[in-house]
Amino acid sequence: MLPPGSTIGILGGGQLGRMLAVAAAQLGYKTHIYAPDAESVAAQVAAQHTQAAWDDESRLAAFAAHCDVVTFEFENVPVDTLRFLSGHVAVRAGADALEIAQDRLIEKNFVAGLSGRPAPFAAAPDRAALDTAVAAIGTPAILKTVRMGYDGKGQARLATPEDADAAWDAIDRHAAVIEGFVAFDHEFSVLMVRGIDGETRFWDSPVNVHEDGILATSTLPPPPIVLDQQAEARDLMARIADELDYVGVLTGEFFATDKGPVFNEMAPRVHNSGHWTIEGAVTSQFENHIRAIAGLPLGDTASPRLPVVMRNLIGAGINDAPALLAEPGCHLHHYGKAEVRAGRKLGHATWVGTEPA
């Protein structure tokens with residue numbers, strides 16, 4: 001159990017790291033942010049900040065020496081960085097979960113091996129293989145880069161096989177995986193936390209709505225079809241967490257379909273679709289992640305008051321902040337980012353026990 005006054009290292013300097021740092025401070029911990037970016041909104045609320053490259057071993061070693069445990073706030077941290085740090089300090093969650101989540105093909109095969117239900121998929125490592133994959137999966141389909149890509153980036157749709165050239169160019173000709181189109185009623189998340197001792201807790205599953213590939217809203221309570229499929233989706237996520245001996249918050253994204261929950265992807269970290277837990281749950285995803293990696297008892301994940309609505313403030317949407325602050329029951333989070341640009345997540349607002357005006 002990590003005593004108060006200890007330092008938690010966070011790899012990545014974005015808003016997830018910022019909210020983790022706030023939760024850590026609430027529990028008496030200091031945080032140290034490590035990121036290569038000049039701008040770090042997480043560092044604004046942390047005790048220490050190291051700006052250095054992911055492969056700078058001397059700086060990484062110095063960072064590790066100042067930390068009692070290390071975690072990460074986004075999944076594009078190089079796996080080699082985690083493996084290096086693991087030789088100097090405890091890293092939770094570990095490199096294995098990150099390695100799987102960074103490669104869509106490995107992730108889908110891993111989930112299928114645990115009796116999960118991913119969308120039909122096939123590898124497309126090069127342009128010639130794409131034609132074979134399209135013939136096997138059919139269209140409509142979605143082409144996704146195997147690595148990197150989030151919030152709709154690194155993806156292209158194929159309505160017919162004739163779209164293959166344009167789709168391949170749209171993803172800059174990177175190794176890819178093609179996924180068959182899934183007819184679904186809703187998208188939803190399974191948000192869970194697993195402690196060092198293996199104890200597992202789940203938050204209620206929100207329904208997610210995306211606009212232009214970016215999460216727009218997460219809402220509770222979910223409709224009956226999601227409630228009916230929540231248990232099966234949770235069972236899969238628990239198997240994933242146990243297989244990886246996972247510690248911390250783990251998120252799975254699913255499609256609710258007439259054949260049951262279809263696995264989309266997992267994120268080995270706190271997640272945008274769990275931001276509502278700050279005000280909407282007894283214990284937030286950020287606090288429970290800190291509790292888990294610090295070896296503390298996990299907190300209650302119940303949602304005492306419904307409905308709950310979380311809305312991302314994207315691009316110029318942050319200009320709604322004054323009006324939102326005037327709304328009863330609205331909780332505003334501004335991430336402190338200096339530049340407003342289209343598609344950039346700049347904050348979020350959450351309503352608990354009431355609907356947005």
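The values are calculated or read from the model by the stated rules, or taken from the named source; none is laboratory data. Just so you know, these numbers come straight off a predicted model, no measurement behind them. Every residue, glycine as well, gets a Cβ built from its backbone with ideal geometry; the counts of neighbours run over all protein chains shown. Side chains are part of the model used for accessible areas, which takes the heavy atoms of the whole protein and leaves out ligands, DNA and RNA. Shrake-Rupley method; radii C 1.70, N 1.55, O 1.52, S 1.80 Å.
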Q) What residue, among those in region 128-165 that are of a type in the set (Gly, Ala, Ser) and surrounded by 18 or more Cβ atoms within 10 Å (Cβ to Cβ), is modelled with the lowest pLDDT? A) Gly154
Q | Members of region 61-83 found to be out of contact with any helix residue (DSSP H, G or I) (no Cβ under 6 Å at 6 or more places or on another chain) and either at pLDDT below 95 or surrounded by 17 or more Cβ atoms within 10 Å (Cβ to Cβ) (or both), listed by number | A | Phe63, Cys67, Asp68, Phe72, Phe74, Asn76, Val77, Thr81
Q. If you go through region 336-353 one residue at a time, do you hit one that is over 19 Å from Gly17 (Cβ atoms) and aromatic (Phe, Trp, Tyr)?
A. yes
(Q) Looking for something more than 30 Å from Asp242 (Cβ to Cβ), touching a residue at least 60 places away in the same chain (Cβ under 8 Å) and not aliphatic (A, V, I, L, M) - is there at least one such residue anywhere in region 112-135? (A) no
(Q) Can you find, within region 86-140, the residue that is nearest to Leu20 (Cα to Cα) among those that are within 17 Å of the chain's Cα centre (by Cα) and among the small types (Gly, Ala, Ser)? (A) Ala93
Q: Output the residue which, of all residues in region 166-177 that are among the small types (Gly, Ala, Ser) and surrounded by fewer than 19 Cβ atoms within 10 Å (Cβ to Cβ), is farthest from Val146 (Cα to Cα).
A: Ala166
Q | Selection from region 207-227 of residues that are farther than 11 Å from Asn272 by Cβ and among the aliphatic types (A, V, I, L, M) | A | Val207, Val209, Leu220, Ile225, Val226, Leu227
**Q.** Considering residues of region 44-60 that are over 27 Å from Gln26 (Cβ atoms) and open to solvent by less than 70 Å² (accessible area, probe 1.4 Å) only, the residue farthest from the chain's Cα centre (by Cα)
**A.** Asp56
